[in-house]
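S.K.: Pasting a structure here, questions to come.
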Protein chains: 2
Amino acid sequence: MAHRVTFFPGNVTTEVEEGETVLDAAVAAGVHIDASCGGAGTCGKCRVLVEGPHRPVETGADGHVLACQVIPEGELYVFVPAGREVRKGKIHAIYSNAAFEVREPLAESILVEMERPSLDDNLADLERLKCALGRPDARIALTALRRLPQTLRGSDWRAVATLARDGSAEEIIEVRPSGDVKDLGLAVDIGTTTVAIELVDLRSGKVLAQASDYNRQMVAGEDVLARIAYAEEKGQERLQDLIVGTLNGLIERLCSPTDCGASDGHGHRAEDIIALSIGANPAMVHLLLGLEPRSIRYEPYIPVVHVPPISRAMDIGLRAHPHAPVYCIPGRAAYVGGDVTADVLLSGMHLKDELALLIDVGTNGEVVLGNREWMLTCSTSAGPAFEGGEVSCGMRAMSGAIDAVRMTGGDLEFSTIDSGEPVGICGSGLIDLVAQMLLGGWIDRKGRIVADASGRRRDVDGVPSIVLHSGEEEISINEDDIANILRTKAAIYAGCSVLLDSVALDFGDVERVYIAGGFGSHIDVENAQTIGLLPDLPRERFEFIGNGSLGGARMCLLSSKARESAHSIFESLTYVDLSSSSKFFDQYSSALFLPHTDLDQFPSVRERLER
Amino acid sequence: MAHRVTFFPGNVTTEVEEGETVLDAAVAAGVHIDASCGGAGTCGKCRVLVEGPHRPVETGADGHVLACQVIPEGELYVFVPAGREVRKGKIHAIYSNAAFEVREPLAESILVEMERPSLDDNLADLERLKCALGRPDARIALTALRRLPQTLRGSDWRAVATLARDGSAEEIIEVRPSGDVKDLGLAVDIGTTTVAIELVDLRSGKVLAQASDYNRQMVAGEDVLARIAYAEEKGQERLQDLIVGTLNGLIERLCSPTDCGASDGHGHRAEDIIALSIGANPAMVHLLLGLEPRSIRYEPYIPVVHVPPISRAMDIGLRAHPHAPVYCIPGRAAYVGGDVTADVLLSGMHLKDELALLIDVGTNGEVVLGNREWMLTCSTSAGPAFEGGEVSCGMRAMSGAIDAVRMTGGDLEFSTIDSGEPVGICGSGLIDLVAQMLLGGWIDRKGRIVADASGRRRDVDGVPSIVLHSGEEEISINEDDIANILRTKAAIYAGCSVLLDSVALDFGDVERVYIAGGFGSHIDVENAQTIGLLPDLPRERFEFIGNGSLGGARMCLLSSKARESAHSIFESLTYVDLSSSSKFFDQYSSALFLPHTDLDQFPSVRERLER
């Protein structure tokens, strides 16, 4: 009996015969896995993560198995971790380059000089330290206290105390001899699909190094609901291990001096990471902290926590100082998390009088509408079309992805990331492609491919398709793909409409549109308007903020003021539940056209269509 | 080659030949160790703790070895834990029966009823709980948060939240379904020699059960300095294990339904212990928390901490709820610890206008002088004579101890605890004995035995002795013993004198004398004055407060007000260092007489002597 094997991150499926290994399947599927011993099980390089039935096999400490040793006994999902696959397809994450204020970072090391004790000045070590720090009320971790007497005497009463902050409370988590003490922090964005981190100098606020990778949890399902279902069925521990493994792998990359490029070569040490700040959706936060995500999935969609307690790296198993505080940005609702709070924080819309609309396009699409007075938010189950999911040739914005398409002289031209041989189409490429095909008359307003409109039309497996590239890999888009893209863009646009409608406002009232998310700064606004993803407003009203979750996480890492702002954003957001909204379904149905049923909402697109 | 083997708690020494076991030594020394298999190594009952060189042997998880398997290879110290030896010689600890105020105990469980969440009321679980608790700022332990969703849904939103207090901060350490939730707390006195605990109902303040045992650390040395020296040489981990083992053994006794007597038979569970409050001297606190005690021993005698941070039972390895807060009463100086703060708290001297003197006689002798305005304190290295140490027939106040002696018709009469066959003399017996011998003319004011004054005089090993009892065990006191008793009482009296002198006051100004410590309520004040241990003041000025360390620990367990008082007592105590005081040595030398060189200080004793 043959078994299906699907490889991630590529989402490539193949079949193997009974008795064949995962490595055999990888070879068959064209997925590259390092295996220098040729499958003898000796080199130990072909490490993968698997989900599904297979013959018993030895498992490494971090849950890895050797692909050459795993023999499927049913449908298997395989994650190929950071290796050539990832290096080849480096994720083009977008980071904010803004310099943020440093003011009471989440953790901070302070040089303290103390008087040497004497018979007349016989204060105990801890009280002496607190007094010199000017912090009589600071708590101290028992582990730090245990090392205190030796440290103070060994450093002749000149030491560096590391303080972790939790609201107004401070805890001394480490005391070291004065010397070359680095204060490193980590800003983290945990997306359902992608994880990005920044290593930050907590003194200057400077970003020292960046890295990103796929979320290894994808082996347990592509979207949030699939992950929760997996947790419910098999326990959330495995998913916690997978995200912790993803983060630790990234930390290792930034802190390893032998790493090729990601590190700045200064040999950072993971133990010097004294604080972590995390932007993520609620399901990701729950799975990271080991909280049961079950109730997020069922009505009335209640998370375990909105404002996660600050925990310690060691409680979660993260590679950092064991007592490093792990701060998760608070999130408003089951599907509007700290990542959205972070977007708002980074955009600054909560500080301004102007009416702003914020759209975060990820595996879900979240929308925020408002200003300094009030804010509404909702989440649309937009689907992962713009992240390369549910589209046959879709992919993330990586090397070889077609990221821009235009119609010239009656035919399509495209460019790829890093100008390489095209291997798929990423979000911005899909938007361009659909828009250009619409404007060129290759597809109609329902997204159906018009017969004989182009020489690129072909039936693939009985489905009408447009072939974009025929090389080593054929790249095409079919009507099912277009339908998925329509559903995604319709959900986002409908979400915006419902929020506006609920306060009796119109798209025309929106003074500023912030676009957040991994693909955010790459998309062509005119094309996005042409397909009806973005409202038909003047170009200057749009602002791309990039990965808001990561940028907001960095802000919170560096400043107590930012953390306070994040908390007040969380408090002022009003959640609008679309799942029970009939208006949403009306709006959604109307938006399942290119650009929309109601062309009056898209005058400039109408003009272009009529040209 | 023969090896010396000393058994604790009895402090009995014997010798074994090369190749003989500890069990052989116990048999030779008359120390009872359970060994139903007769030394075959099969019954596993003869578990002991050993210190010193021996042939390799299998060690149990808690550091125990089987006496029948241990073959000494040098001088060996053996501790025989709770078994028949201890049951036979139950420690007569003195507890305060006062009912203390219950107000914000160290931990508290609160019943919470919540509204069931809905689409319109979609607060997350934690925020819902905090809101219902009325504690928006409470922190929560990650472990409790992980269990929260199941607990709330399983109990239909009616649950019991357990809060631990740390100053004004509160942390939710547990959430359980409503039902039969007990709030148990543990008050603990860790003495250098003896450990006593009380299991307390945190709601009513009622003491449910009590137990006491020897501090297993005695295998590593009798007094604080010996323990610190041991820690310095061999690491403090072993000493931490020994005290944690002592405490866990006691907790097990109180929480085991099969225990014979100590438990109240209600089958308390160790996991229901949600808070622990500890009174102990600084060395004991350091060793319990795993803090290096080294600097306590050397000038300028600086502890690691005066105000120990509240830690968790699991951080220390105590058998209780893993997150139960462990509060240690703050102590003023290296040799004036939380036990003394607790004495003051229990006495109430810090609240009154009257000038009070507080004397705690333990392995050290600590003195506090003052009132609500000011307090001075000092520690005298009095030695353990009144605890049975350094006296040939001395013992703790246990069954069979001679606890009272009087001279009738020219000869001595005595009584024993539990009216059993006498096995030794405890502190109160020693005071009586020396006083009565002095008044009877059997010894002179230098403590030398007067020739031919009694028929009980005999030379034992060339040292003049008085034989008190010749039975199965001969009980006697010799001139060396009396000299040790003199040194102890002189140190305590001199300490009091120095404190009074430093504020230009006199014993006559003292309106109240509080006597704390294990033997406190048993001693005869007149006899104690006769030997010059207590000042010559009217009887009604003396008040016995029993085990102040334990009583104070219970107060702090039950009330935040008591914990605040303990903190302000700690802050208002001024430490007087006697080690550098020439006045102390003068006073000490003058007090090395019975009752004192200056008989004017003891007019009533002079009268009795002249009678």
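The values are calculated or read from the model by the stated rules, or taken from the named source; none is laboratory data. All figures in this text were calculated on a predicted structure; none of them were measured in a lab. Cβ coordinates were reconstructed from backbone atoms using ideal geometry, including for glycine residues, and neighbour counts include every protein chain displayed.
Yes/no matrix, rows are residues, columns are (1) without any contact (Cβ under 8 Å) to a residue 60 or more places away in the chain; (2) among the charged types (D, E, K, R); (3) assigned to a loop (DSSP other than H, G, I, E, B):
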position	(1), (2), (3)
B:Ala25	yes, no, no
B:Val31	yes, no, yes
B:Asp34	yes, yes, yes
B:Cys43	yes, no, yes
B:Val50	no, no, no
B:Thr59	yes, no, yes
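S.K.: Another question, if that's okay. Among (1) surrounded by 13 or more Cβ atoms within 10 Å (Cβ to Cβ); (2) of a type in the set (Lys, Arg); (3) modelled with pLDDT of 85 or more, which single condition is A:Lys45 missing?
M.R.: Condition not satisfied by A:Lys45: (3).
S.K.: Next question. Can you pull out the residues in the range A:138-151 that are facing chain B (nearest Cβ under 9 Å), touching a residue at least 12 places away in the same chain (Cβ under 8 Å) and farther than 20 Å from B:Ala313 by Cα?
M.R.: Result: A:Leu148, A:Pro149.
S.K.: Scanning the range B:308-337 for residues that are within 16 Å of A:Glu127 (Cβ to Cβ) and within 7 Å of chain A (Cβ to nearest Cβ), which turns out nearest to the chain's Cα centre (by Cα)?
M.R.: Going through the qualifying residues, I end up with B:Ala333.
S.K.: Taking the range A:598-611 as the region of interest, how many residues are over 11 Å from A:Leu439 (Cα atoms) and surrounded by 14 or more Cβ atoms within 10 Å (Cβ to Cβ)?
M.R.: 4
S.K.: With (1) modelled with pLDDT of 95 or more; (2) part of a loop (DSSP other than H, G, I, E, B) as the list, and B:Val498 as the residue in question, which single condition is left unmet?
M.R.: Single failed check for B:Val498: (2).
S.K.: Oh, and also: Could you grab me the full set of residues in the range B:76-107 that are in a loop (DSSP other than H, G, I, E, B), among the charged types (D, E, K, R) and at pLDDT below 50?
M.R.: B:Lys90
S.K.: I would also like to ask the following. Yes or no: A:Gly331 touching a Phe, Trp or Tyr at 6+ places or on another chain (Cβ under 9 Å) and either assigned by TED's automatic domain parsing to the domain that holds A:Asn248 or at pLDDT 95 or above (or both)?
M.R.: For A:Gly331, the condition - touching a Phe, Trp or Tyr at 6+ places or on another chain (Cβ under 9 Å) and either assigned by TED's automatic domain parsing to the domain that holds A:Asn248 or at pLDDT 95 or above (or both) - is met.
S.K.: Given (1) at pLDDT below 95; (2) part of a helix (DSSP H, G or I), identify the lone condition not met by B:Ala262.
M.R.: (2)
S.K.: Look through A:Val405, A:Val460 and report the one residue that is touching a strand residue (DSSP E or B) at 6+ places or on another chain (Cβ under 9 Å), touching a residue at least 60 places away in the same chain (Cβ under 8 Å) and of a type outside the set (D, E, K, R).
M.R.: Exactly one residue qualifies, and that residue is A:Val405.
S.K.: Just checking, which of B:Glu237, B:Glu222, B:Glu292 is more than 26 Å from B:His567 (Cα to Cα) and within 14 Å of another protein chain (Cβ to nearest Cβ)?
M.R.: After ruling out the rest, the residue left standing is B:Glu237.
S.K.: Name the one entry in A:Val361, A:Val285, A:Val304 that is within 12 Å of chain B (Cβ to nearest Cβ), among the β-branched types (Val, Ile, Thr), buried (at least 23 other Cβ atoms within 10 Å of the Cβ) and over 17 Å from A:Tyr575 (Cα atoms).
M.R.: A:Val285
S.K.: Looking at A:Gly19, A:Gly10, A:Gly39, which one is of a type outside the set (Ser, Thr, Tyr), over 25 Å from the mean Cα position of the chain (by Cα) and modelled with pLDDT under 85?
M.R.: A:Gly39
S.K.: Still on this structure, please answer the following. Could you grab me the full set of residues in the range B:155-201 that are outside any strand (DSSP E or B), surrounded by fewer than 24 Cβ atoms within 10 Å (Cβ to Cβ) and either more than 12 Å from chain A (Cβ to nearest Cβ) or modelled with pLDDT under 95 (or both)?
M.R.: Result: B:Ser155, B:Asp156, B:Gly167, B:Ser168, B:Ser178, B:Gly179, B:Asp180, B:Val181, B:Lys182, B:Asp183, B:Thr193.
S.K.: Considering only residues that are within 14 Å of chain A (Cβ to nearest Cβ), out of contact with any helix residue (DSSP H, G or I) (no Cβ under 8 Å at 6 or more places or on another chain) and surrounded by fewer than 14 Cβ atoms within 10 Å (Cβ to Cβ), which ones fall in the range B:96-136?
M.R.: B:Arg116, B:Ser118, B:Leu119, B:Asp120, B:Asp121
S.K.: Take B:Ser277 and decide whether it is closer than 23 Å to B:Arg203 by Cα, in contact with a Cys (Cβ under 9 Å, 6 or more places away or on another chain), more than 9 Å from every other protein chain (Cβ to nearest Cβ) and modelled with pLDDT under 95.
M.R.: Answer is no for this residue.
S.K.: List every residue pair whose Cβ atoms sit under 9 Å apart, with the two residues 6 or more apart in sequence or on different chains, where the first one lies in the range A:590-606 and is free of Cβ contacts under 8 Å to residues at least 24 places away in the same chain and aliphatic (A, V, I, L, M) and the second, anywhere, is surrounded by fewer than 22 Cβ atoms within 10 Å (Cβ to Cβ) and not in a loop (DSSP other than H, G, I, E, B).
M.R.: Between residues of the range A:590-606 that are free of Cβ contacts under 8 Å to residues at least 24 places away in the same chain and aliphatic (A, V, I, L, M) and residues that are surrounded by fewer than 22 Cβ atoms within 10 Å (Cβ to Cβ) and not in a loop (DSSP other than H, G, I, E, B), the close pairs are A:Leu599/A:Arg606; A:Leu599/A:Leu609.
S.K.: For the subset of the range B:333-342 comprising residues that are touching a helix residue (DSSP H, G or I) at 6+ places or on another chain (Cβ under 6 Å) and not acidic (Asp, Glu), which member is surrounded by the fewest Cβ atoms within 10 Å (Cβ to Cβ)?
M.R.: Residue satisfying both the conditions and the ranking: B:Ala334.
S.K.: State all residues of the range B:222-247 that are aliphatic (A, V, I, L, M) and closer than 23 Å to B:Arg47 by Cβ; if no residue qualifies, say none.
M.R.: Passing the criteria: B:Leu239, B:Leu242, B:Ile243, B:Val244, B:Leu247.
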